[in-house]
Amino acid sequence: MGDEEVRWLYRELPGLVRHGIVPPAVAAQLRDHYGAPASPAHSPSRSLAVFGVLGATLVGLGVILLLAHNWDGLTRAARAALVFALLLGAQAMAGFALLSRRGSVAWAESTSGFLALSVGASLALISQTYQVPGEPRELILVWMLLIAPLPYLLGAALPAIGYWIGITTWALTDPGAPASLPLWGLLAGIGVADLLRAGRWRFPSAGSAIHAWVVAVALPLALLALLAIESGVVWALLAPALGAGMVAASRIADERDLPQLGLPFRFLGTLGLGALVVVLSFPVWDELSLWVTPPAEIGRARIALGLAALLAAFVLPWAWRELAAKRW
């Protein structure tokens, strides 16, 4: 077995022992037999992946800059031809990585990152060339929908990180718009499913650690921006539900032998609950005006309270199991 397979086996062993599939003595014998794998931090493939991503990003930005510099001197037909050539070239490279270099982190990350940049540049340049009406928010949404399959097809962290940044930017460009919440929930669900799927084999790696931190920050940030709640009553229920939900998610990640996945959720959830305790230690309850929900916020407040109830339904069974097991 190679070092990657040994590291995978060592990640799986604690769960197998905990569920009684593998006896502890057998797990110890397996560790003695295979020994300690080489450190991934000094693996040549890791360095190759990092420089491959940097190289693809610089090449992609350079090509886009070259096109933009000579853009005014080109006809519409020439502009469209160059844009589609760039896009088809990026797709060909990604297809080559998918079919002939499957398993190579360097090829997956670099080609998927280049393709994601090419899709965004093509949308922007074609829209500018043919004066396609629309708002930047709509362009971001189309861009994210087009690159959403890349993490699934190539197993790369870079387009997944870009996807989360994109859908969060889309949510922040129109704060206080609960009508966008169902679509954002669908987009976020696609990203969360990819994170859970990748957690079994992509961790631990630098790209996946950044991926998890971006998700942990983006989820509450976009959600709170879309709701834009000012009512103190709603905040008193929604804020602890969000914090407790993130802490519970981190503990569930630990139970599934994915501690790297839960670390940012544990940190941010605990930090948020601690900040809430500090705020509530001041006489904020005297501000009665904060407890009155303005008529314009009634609809958003109902959505927020429904979300708090869902989070409570998610947290309470986990909390009951923790307390029953005396894990205070």
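Quick note: the coordinates plus some simple rules give every number you see, no bench work behind them. This one's a predicted model, so the numbers in the text were calculated from it and none came from an experiment. Don't worry about glycine lacking a Cβ; one is built from the backbone with ideal geometry, like all the others, and counts go over all protein chains shown.
Using per-residue counts of other Cβ atoms within 10 Å, averaged over each peptide, order 167-179, 309-321, 140-152 from highest down. Display every interim value, and only then the final one.
Working: 167-179: 17.4, 309-321: 13.8, 140-152: 19.2.
In descending order of packing, they fall as 140-152, 167-179, 309-321.
With each label point set 7 Å from Cα along the Cα-Cβ vector, what nm distance links Arg101 and Ala28?
4.5
From the phi of every residue in segment 82-89, what ³J(HN,Hα) in whole Hz does the Karplus formula 6.51 cos²θ - 1.76 cosθ + 1.60 yield, where θ is phi - 60° and glycine or proline is x?
5, 5, 5, 5, 4, 5, 5, x
Expressed in nm to one decimal, what extension gain is obtained for the pair Leu54 and Ala325 from 0.36 nm per residue of sequence separation less their Cα-Cα distance?
Separation in residues times 0.36 nm, less the Cα-Cα distance, equals 92.8 nm.
In whole Hz and in residue order, list the ³J(HN,Hα) couplings for segment 261-276 that follow from phi through the Karplus curve 6.51 cos²θ - 1.76 cosθ + 1.60, θ = phi - 60°; x for Gly and Pro.
Once rounded to whole Hz, the list reads 5, x, 4, x, 5, 5, 5, 5, x, 5, 4, x, 5, x, 5, 5.
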